[in-house]
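A short worksheet on the structure shown next.
The values are calculated or read from the model by the stated rules, or taken from the named source; none is laboratory data. All of these numbers come straight from a predicted model, not from anything done at the bench. No Cβ is skipped: glycine too gets one built from the backbone with ideal geometry, and neighbour counts run over all protein chains shown. These accessible areas exclude ligands, DNA and RNA; they are computed on the full protein's heavy atoms, side chains included. Shrake-Rupley method; radii C 1.70, N 1.55, O 1.52, S 1.80 Å.
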Amino acid sequence: MLLCIDCGNTNTVFSVWNGAEFVATFRTATEHQRTADQYWVWFTQLMEYRGVPVEIDEVIVSSTVPRVVFNLRVLCDRYFDTRPYVVGRPDCLLPVAPRVDEGTQVGPDRLVNSAAAFDRYGGDIIVVDFGTATTFDVVAGDGAYVGGVIAPGVNLSLEALHMAAAALPHVDVTKPQKVIGTNTVECMQSGVFWGYVGLVQTICTRIKGEYDAPMRVLGTGGLASLFAQGEALFDAIEEDLTMHGLTVIHRFNKENQ
């Protein structure tokens, strides 16, 4: 079976792919000091709990946190007896190379999302990913990542607001009943929710204005479904987009190496 690992700035996700479907998915906080042995104990205990045999023979990794890759490589070598594909490394091929300024390092998560979006929907698409950062990835008609936008993430903005203004509390991200808040929490929730709805609408409109073909908008990430309640922001929502992209890139490498 194939183990897909998506390591983001906040969380790391392990998903096991049996060739037809994901049979187990586990999430943990991203910690660069976590050792290969700790990953192994955590992973095997959860696999046992789910009743899924640990029969991993291939691994692919996407990581926006370079410091964790070493221990993930050790995990693969020591416990799975395999060398993982690492998205963004020269030995991990992409279905279509990105077309960006020379010398630009594109985040692995954006490359994976682009591959997944093209595989499921074709090109000429904007992928809006609600993560630690809110990213907008533009996927061309041939599947190439051709640029995008990076904005502060929703939870990051809330945390910054709380830390910079001592009187403002921590609040949950939710759709408010009305725009005009009548207490501090409602005011903050309204500002964040409708502010990000406006951000997504405006940026997508401006991207479409610079693009020379009709485009669709795809939402992904934990908060995509929530923000879709505000307006008709997305043509589709994909909760497992990144994991699907890892299987696409893995399959491409197996067929072309």
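Summary of values
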item: Subset of segment 81-92 [within 19 Å of the chain's Cα centre (by Cα) and either under 21 Å from T10 (Cβ atoms) or open to solvent by 50 Å² or more (accessible area, probe 1.4 Å) (or both)]; result: V86, V87, G88, R89
item: Test: residue in segment 238-252 that is within 13 Å of I126 (Cα to Cα), in contact (Cβ under 8 Å) with a residue 40 or more places away in the chain and of a type in the set (S, T, N, Q); result: no
item: Residue identified as open to solvent by 40 Å² or more (accessible area, probe 1.4 Å), touching a residue at least 40 places away in the same chain (Cβ under 8 Å), farther than 30 Å from G141 by Cβ and not in a loop (DSSP other than H, G, I, E, B) among R73, R78; result: R78
item: Failed item, numbered, when Y211 is tested on (1) over 15 Å from V138 (Cβ atoms); (2) surrounded by fewer than 21 Cβ atoms within 10 Å (Cβ to Cβ); (3) of a type in the set (F, W, Y); result: (1)
item: Condition met for V217 (in contact with a helix residue (DSSP H, G or I) (Cβ under 6 Å, 6 or more places away or on another chain), open to solvent by less than 30 Å² (accessible area, probe 1.4 Å) and of a type in the set (V, I, T)); result: yes
item: Residues located in segment 214-229, provided they are among the polar types (S, T, N, Q) and either at pLDDT 90 or above or part of a loop (DSSP other than H, G, I, E, B) (or both); result: T220, Q229
item: Test: residue in segment 28-40 that is part of a strand (DSSP E or B), open to solvent by less than 40 Å² (accessible area, probe 1.4 Å) and at pLDDT below 95; result: yes
item: Residue that is farthest from F234 (Cα to Cα) [pool: residues in segment 106-139 that are open to solvent by 10 Å² or more (accessible area, probe 1.4 Å) and hydrophobic (A, V, I, L, M, F, W, C)]; result: V106
item: Pairs with Cβ under 7 Å, 6+ apart, first in segment 46-63 and within 14 Å of T25 (Cβ to Cβ) and open to solvent by 50 Å² or more (accessible area, probe 1.4 Å), second assigned to a helix (DSSP H, G or I) and of a type in the set (A, V, I, L, M); result: none
item: Total residues in segment 145-189, condition open to solvent by less than 30 Å² (accessible area, probe 1.4 Å) and touching a residue at least 40 places away in the same chain (Cβ under 8 Å); result: 4
